[in-house]
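Notes to accompany the following structure.
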Amino acid sequence: MRIINIPCIFPFALTSGAILLYTSPMFEAKKETNPEANLALMVESVRAILEGETDLVAGLANASAALKFYLNDINWSGFYLLKGKDLVLGPFQGLPACARIAEGKGVCGKAVMDKKPVLVEDVHKFPGHIACDSASASELVIPLFRGGEIFGVLDLDSPRLARFTELEAEYLEQTGKVIDGFLDRVNFS
Ligand code: SME
């Protein structure tokens, strides 16, 4: 058996006949005190986490955990992925959530239909909002694309009204583009 020692942030799986060892530190659980610097760090951390990763679940699970870490006052951070016309629950952090969202339903369905981010300051005022966690008060949904085609959404919920600022929405859109790049690399075979 060969042992290949490659510095990387996250462990790589066993490959046929070889073990990839990771030698550099794991995720550095440190935030910036300046809010915009923290958002920039969040984008770069997600980029670093996904770099070299080609497994869908491994990449999205780590991305949801990183977003939950960098963003304060978040009760849910995760993914819904299109299967046919429905959205199906993907990797997430938070309480168990609705497993399926029908075409066009809820904030997530709207982001898929419009192919644009949807920022909701008060979910109780959003017609058709799907309450998976009764604590949620505001929500931001970013559509995700693979090869230019809609693939799913990144969904963030907060128990605080109007939690997400326009600035955060911009940085989370950037994060979405980083995730789109990862999706293009994912190996589905
Ligand atoms: N609130 C979402 C449903 C998903 S949960 O927030 C995790 C919606 O209205 O689409």
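Quick one: in segment 115-127, which of the residues that are under 15 Å from Tyr80 (Cβ atoms) and not β-branched (Val, Ile, Thr) is surrounded by the fewest Cβ atoms within 10 Å (Cβ to Cβ)? Before you say what the answer is, go through the steps one by one.
Initially, segment 115-127 is screened for residues under 15 Å from Tyr80 (Cβ atoms), giving 115, 117-118.
Add one more test, that the residue is not β-branched (Val, Ile, Thr), and what stays is 115, 117.
Numbers: Lys115: 10, Pro117: 18.
Result: Lys115.
Where in segment 71-189 are there strands (runs of 3 or more DSSP E), lying fully within it, with 1 or more residues that are within 16 Å of the ligand (Cβ to nearest atom), under 11 Å from the mean Cα position of the chain (by Cα) and aromatic (Phe, Trp, Tyr)? Show your work before the answer.
Details: elements: 76-83, 86-94, 118-120, 138-146, 149-158.
Qualifying strands (runs of 3 or more DSSP E): 76-83, 86-94.
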Those residues of segment 147-163 which are in contact with a helix residue (DSSP H, G or I) (Cβ under 8 Å, 6 or more places away or on another chain) and either farther than 19 Å from Gly109 by Cα or free of Cβ contacts under 8 Å to residues at least 12 places away in the same chain (or both), in sequence order = Gly147
Using beta carbons and a limit of 8 Å, which pairs, at least six apart or on different chains, have the first residue in segment 51-73 and of a type in the set (Val, Ile, Thr) and the second one assigned to a loop (DSSP other than H, G, I, E, B)?
-> Thr54/Val186; Thr54/Asn187
Kindly list, by first and then second residue, each pair from a residue in segment 115-130 that is within 16 Å of Ala102 (Cα to Cα) to a residue that is of a type in the set (Lys, Arg) and assigned to a loop (DSSP other than H, G, I, E, B), limited to pairs with Cβ atoms under 8 Å and residues at least 6 apart or on different chains.
-> Gly128/Lys105; Ile130/Lys105
Of the residues that make up segment 129-140, is at least one within 17 Å of Phe79 (Cα to Cα), among the β-branched types (Val, Ile, Thr) and surrounded by fewer than 20 Cβ atoms within 10 Å (Cβ to Cβ)?
-> yes
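Computed from the coordinates by the stated procedures, all read-outs in this text should not be read as laboratory data. All values derive from a computational prediction rather than experimental measurement. Methodologically, a virtual Cβ is constructed for each residue, glycine included, from the backbone with ideal geometry; neighbour enumeration extends over all protein chains shown.
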